[in-house]
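The values are calculated or read from the model by the stated rules, or taken from the named source; none is laboratory data. Small disclaimer: the values here were computed from a predicted structure and weren't measured. Cβ sites come from the backbone with ideal geometry, for glycine too, and all protein chains shown count toward neighbours. Calculation scope for accessible area: heavy atoms of the full protein, side chains included, ligands and nucleic acids excluded. Shrake-Rupley method; radii C 1.70, N 1.55, O 1.52, S 1.80 Å.
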Amino acid sequence: MGSNLVGGRVATPTTPLRCAVFISGSGSGMEALVNAQRSRRLPHETVLVVSNKANVPGLERASRLGLPSLVVEHRRNGENISREEHELEILKGLADHDVELIVLAGYMRLLSPVFLNEWHHRVVNIHPSLLPHFPGGHAHRDVLSSKTSITGCTVHLVDEGMDTGAVLAQRAVPVFESDDEISLSDRVKVEEHRLYPDVLTWIAEGRVHLTEEGVHVQDETDRFVC
Ligand code: GRF
């Protein structure tokens, strides 16, 4: 059996895995995750919200939830700061909050190979399509133009590519002829908000293993289920 994603640690509701949720906008996925963590006593908790944009609604949600947030903008005084400088500030925030897992939830910026090397297999993302179909920033638009009748969402490990890392779980969602991007996004988000807390639970409990053949999730009876 390959190593699990959290280096052998088995988190519990009393010793939860410490997550930082990265956002760039509305933050509805972050809020749904935090509500699930608080209402269901899950073995993971959100200890920090990181945004690369100031004044986004997700930061207001974080503040209403009583969560610390860290804003690291990549433009300062009209100029871009270097990727290295940007990520160093984030890394410091993660260390200050003893973060163990990075959870991307609508974070619209690629992380550098140096950053991902330091956080190898400890960064996950949720994408609003059934990857490898429709990667990128306009998944719903691309789904609608393709005329497919099924889409969904995918939780995956983050690697250096755009939505290319190993898939941990997917859920399907129907596409209706009457859909526009908003109605489709709303329907997919319902499923995203259910799926993300569950996948983080598998990770926190040390049940997600990486082997040469790929990703395996172990169920309660010790069988490999996917
Ligand atoms: C979600 O659909 C997520 O899958 C994608 O970005 C969207 C973020 O929405 N990566 P929100 O900011 O959580 O409302």
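G27 meets the stated requirement of being modelled with pLDDT of 95 or more and within 16 Å of the ligand (Cβ to nearest atom).
One line per residue, one yes/no per condition, for (1) open to solvent by less than 10 Å² (accessible area, probe 1.4 Å); (2) within 23 Å of I126 (Cα to Cα); (3) touching a residue at least 40 places away in the same chain (Cβ under 8 Å):
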| position | (1), (2), (3) |
| --- | --- |
| V10 | no, yes, yes |
| L17 | yes, yes, yes |
| G25 | no, yes, yes |
| E31 | no, yes, no |
| L42 | no, yes, yes |
| N55 | no, yes, no |
| R61 | no, yes, no |
| V72 | yes, yes, no |
| R75 | no, no, no |
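Within the range 86-143, being part of a loop (DSSP other than H, G, I, E, B), of a type in the set (A, V, I, L, M, F, W, C) and farther than 18 Å from N52 by Cβ holds for L130, L131, F134.
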